[in-house]
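Here, each number is a calculation from the coordinates, and none is a lab measurement. Please read these numbers as outputs of a predicted model, since none were measured by experiment. As a convention, Cβ positions derive from the backbone with ideal geometry for all residues, glycine included, and neighbour counts pool all protein chains shown.
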Amino acid sequence: MLEVRDLSVSYGAIRAVRGISFSLGRGELVSLLGANGAGKSSTIKCIAGALRASGGAITLEGRDITAASPEQVVRAGLATVPETRDVFPDLTVAENLMLGAYIHRRDQAGNRDNLERMHALFPRLSERSNQAAGTLSGGEQQMLVIARALMSRPSVLLLDEPSLGLAPAIVDRIFEMIETLKKSGLTILLVEQNVNQALAVADRAYVMRLGSIVASGTADEIRSTSDLSAHYLGS
Ligand code: ATP
């Protein structure tokens, strides 16, 4: 479904991602783990088209998207929820959601159906449809940006640190929702610092350290064979 081959990302002289390769099969939930600065967000931004790769290739369903713009990437079927969790604060929840459907703006019936699906998936957002997005709680804003990404009807969803800064009860809800999305057949790449919860929902995981992948395998293999704390904490 998604294949990343020998991907490198640099910021001037800083080599943030150093020739990493990984793949996601259709319907798989794969987690990308690693300490702060390991290169996870740079990888996500590069796949999303927000950063240029300095080397390597990214293909989505066999199609080369390495040099695609963010909009072209969304049109190709890949949506991203960045860790910045940006909503348009003065627009309502409903308006924020419809912006996510921008590429399907001529398909109003399809968007209405998809909006109903989002309301079923996120009842909290449905209750707050006419509320300004900036007045939502942190957890509700996280749900809104996920729902907004889903309005583009992606086949692959990239989630960058969806649990960051949220209370434990809300984090549990976000992970339950991620499991629901996986069951619906969506292919998901989940970047997380919350290793235990990420491994609990992931089929497979890759561990990054200093721009390279240092371990990979099923969630059980990662838990049992790799010295996770050394890789994860970078110690
Ligand atoms: P975090 O969990 O803290 O977001 P990460 O694994 O996502 O960490 P990245 O944000 O990809 O890591 O950062 C990888 C490396 O690239 C770090 O050394 C970081 O300082 C550097 N870096 C990231 N963004 C920039 C930038 N805009 N300019 C220069 N260096 C950057």
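Some values worked out for this structure:
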| quantity | calculated |
| --- | --- |
| The chain - mean residue ellipticity at 222 nm from DSSP helices (-39,500 (n - 2.57) per run, n ≥ 4, rounded to 500) | -11000 deg cm²/dmol |
| Spin-label pair Ile14/Glu71, simplified geometry with 7 Å Cα→Cβ offset, distance in nm | 3.0 |
| 5 angstrom amide H check on Ser54, placed H, neighbours 5+ away | Ser8, Val9, Ser10 |
| Residues of the range 36-50 with amide N under 15 Å of the 7 Å Cα→Cβ point at Leu210 | 36-39 |
| Sparsely packed trypsin sites (Lys or Arg not before Pro) within the range 68-163, loop by DSSP, other Cβ within 10 Å at most 11 | Arg105, Arg106 |
| Net lengthening on full extension, Asp6/Phe88 (0.36 nm per residue, minus Cα-Cα) | 26.0 nm |
| Residue-count net charge about Asn111 - beta-carbon cut-off 13 Å; Lys, Arg +1, Asp, Glu -1 | +2 |
| The range 93-235: relative contact order as a whole-number percent, Cα under 8 Å and 6+ apart | 18 |
| Exposure proxy ranking, count of Cβ atoms within 10 Å, fewest first, for Ser152, Ser224, Ser8 | Ser224, Ser8, Ser152 |
| Convex hull per residue volume in Å³, alpha carbons only, for the chain | 119 |
